[in-house]
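Asks: Below are the structure tokens for one structure; questions will follow.
Every number here is computed from the coordinates shown, using simple stated rules; none is lab data. Fair warning: this is a prediction, and the values are worked out from it, not measured in the lab. We place every Cβ from the backbone using ideal geometry, glycine too, and count neighbours over all the protein chains shown.
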């Protein structure tokens, strides 16, 4: 009886490094979930979402592939060296730790959200100002249905 869900290991993954990458791909989300809530033994350094968003906007993003990937496989993201230079995160400039990538993405999302909330407030204030302004053809607009 054949094993359900098994398939032959692709040729590039038969090497020692390939097997390690295959293992990492399957188990790295579990490792991320089991990390402590706060770094043990030291307090976290505060990060400024606006500064992270600014650096992220300068970061070159490109498509690339690993040497062992088939020619039709592409990945999207920054080069590890550029990421390390922009944010100073991770163990070295050869890899982007998934936690660091997620942290940068979440900080950038937070900065965009803060900017969106500010812009929505400005739009609402301008709309209110426009609605209170006297119209040339009559009383100030109330925003309601005509005839009320």
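Asks: Starting with the highest mean, order 89-95, 68-74 by the number of other Cβ atoms within 10 Å, averaged over the residues of each peptide. Numbers along the way, then the final one.
Replies: On the way: 89-95: 12.0, 68-74: 9.7.
The peptides rank, most packed first, as 89-95, 68-74.
Asks: What is the calculated FRET efficiency for residue 50 to residue 94, with r their C-beta to C-beta distance and R₀ = 35 Å, to the nearest 0.05?
Replies: The pair residue 50/residue 94 has a calculated efficiency of 0.80.
Asks: Would you mind computing, in nm to one decimal, how far apart the modelled labels at residue 136 and residue 116 are, each placed 7 Å from Cα along Cα→Cβ?
Replies: For the pair residue 136/residue 116, the computed spacing is 3.7 nm.
Asks: Calculate the FRET efficiency for residue 102 and residue 129 from the Cβ-Cβ distance with a Förster distance of 25 Å, rounded to the nearest 0.05. Before the final figure, lay out the partial values.
Replies: On the way: r = 41 Å, r/R0 = 1.63.
According to the calculation, E is roughly 0.05.
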